[in-house]
Structure formats: C-alpha cells, structure tokens
Amino acid sequence: MTKIGRHRSKKPKFGFNRNVAKLRVSKLQIVQREIDTCADLYFSFGDLVSTHLLISAAHEILAAFDKKILKTGMLFDHIEEYIKPELLEDYRILIKTPFIGFKHGSKDLDTIIELPSGITEILIISAIEKYQEITKRTTPKMLLLRMWIGIHHHLLKVELEQDVDAPTVRENFPAYAREEFRKAYCPICVEWGGSSRQGSLKRPSLVPHSLRGFFMHSTQHMFPKRLRVL
C-alpha cells in the first residue's frame, strides 16, 4: 500500500489520465473560493471547524505569496509590540495550533483541539487584506465579510463609517443577525464589487490603529497574560 504523508515532496512519475475531466485552478483561485465559501459559512453560523479550516488554508497560501513576492507581512507578522520578544516564537506556534490540529490525523488521535473565539475573524481580515493587495480586487462576499467585521469591530475610517451609517447598522443588525445583514447588504456589495465604488472599501478604509486594537481585543483573552507586553 502506498503511503501518502505530508513529508512526501517528490512529484509522481505520471499524471492523471488526460481523458478524465478535471478541475484546474490556480492558487489564487483556490484562495478566492476558500474565502467566499468561508463567507457562506460565517453568515449562516455554519460549522466553526470548517470555517476556520477554510480561512486558515487561504491564509497559509497568501502568506506564501507574501513571503515570496510582496514581503509586506501578514497581520500576524506585526505583533512584536504586543508580545514579549522571548515568547514570539511560542505565540506563532500557538496561533497555528487549531489549524494544524484540525487537518492532521497521523498522530495524537486522542487530542482535543481548542479553537478560541475571535481568531477566525482575525484570519478573515488578514486574508482579505492580503488577497486584495495581491490581486487589486475583492469579491462581493469578501466585501460583505469585511463590511460586517469592520462595522462591528469599529475598524472603518470616519468617512466610511458615515457613508454606510455604521451606528445604525450595528443597531439594526446586532451580532446574532448575520444572515439578515447578508440578505440586506449582499446586493450592495455585488454592485460595489463591479464598480468604482469598491474603491471606498479598499485597504486604506481600515484604520491601522483600529486594526491593531482589533488584534489586541481579539487576542487578549486567548493567551496567558505572561505572553503579553500590554
């Protein structure tokens, strides 16, 4: 029996039968599909493990693109001011623990995997920002995700807060009303996705210090206090 493991790096000496129908997708197309499917799960309060797996897989591919091409870093790469220097490596290992635990089954089969609340939203924002930085575009579902998280975590610049009337949105669509928000704002995001209006939701629309605050607020309850500088 052929063993297929994560350490196998050699390519096979033959490919799939050329007469068999195949789906052919690029890495960035995979990322787009993963984030868009993550949006479907997120707004319908779908399975948390599946949502985290999808966004983590997309984030991993985007991090590889960034390391090779852009070299501007992912959101998690800018945490030195919040984590004690001697514990940075432990933090980076810890942040990936849920994803690694969910996808690997070759060992530790009795292990219970913990998924802290808030970590998936951080990955979503980080992935969407990097995807747009690479491709110069976003899909309507990405806009919808960013709009929801940006509004409910106060990440938008003042002009955009006013443009979308964020206080009213927060009042009309509280945390439990994701599905209602999607139904109401999906047509708008579809329109924005195909017009110059999308420019108002590009990367500069997210306030840097708010992003850092979002990162701190979302992570401060996840990790032991001894990890944190603040």
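Being over 23 Å from I79 (Cβ atoms) and in contact with a Phe, Trp or Tyr (Cβ under 8 Å, 6 or more places away or on another chain) is the filter here, so list the residues in region 89-141 that pass it.
Keep residues of region 89-141 that are over 23 Å from I79 (Cβ atoms), which gives 103-112, 135-141.
Hits for region 89-141 are T138, P140.
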Go through region 99-144 and count every residue that is among the hydroxyl-bearing types (S, T, Y) and more than 20 Å from T37 (Cα to Cα). 2
Which one is farthest from S126 (Cα to Cα), of the residues in region 62-91 that are loosely packed, with under 13 Cβ neighbours inside 10 Å and at pLDDT below 85? E86
Which of the numbered conditions does M216 fail, given that it passes all the others? Conditions: (1) surrounded by 15 or more Cβ atoms within 10 Å (Cβ to Cβ); (2) at pLDDT below 85; (3) of a type in the set (A, V, I, L, M); (4) under 17 Å from the mean Cα position of the chain (by Cα). (1)
Among residues of region 26-82 being in contact with a helix residue (DSSP H, G or I) (Cβ under 9 Å, 6 or more places away or on another chain) and among the basic types (K, R), the residue nearest to L145 (Cα to Cα) is R33
Filtered residue count, region 153-175, keeping only those that are crowded, with 18+ Cβ neighbours inside 10 Å and within 14 Å of F43 (Cα to Cα): 1
Can you find even one residue in region 39-61 that is over 27 Å from V190 (Cβ atoms), surrounded by fewer than 21 Cβ atoms within 10 Å (Cβ to Cβ) and within 13 Å of the chain's Cα centre (by Cα)? yes
Close pairs from region 95-114: first hydroxyl-bearing (S, T, Y), partner assigned to a helix (DSSP H, G or I), Cβ under 8 Å, at least 6 apart: T111/G101
Lone qualifier among L94, L28, L41, L54 - being at pLDDT below 95 and either part of a helix (DSSP H, G or I) or within 18 Å of I122 (Cβ to Cβ) (or both): L94
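The values are calculated or read from the model by the stated rules, or taken from the named source; none is laboratory data. Keep in mind that what you see is a predicted model, and the values were worked out from it rather than measured. Neighbour counts are summed over all protein chains in view; Cβ atoms, including those assigned to glycine, are modelled from backbone coordinates with ideal geometry.
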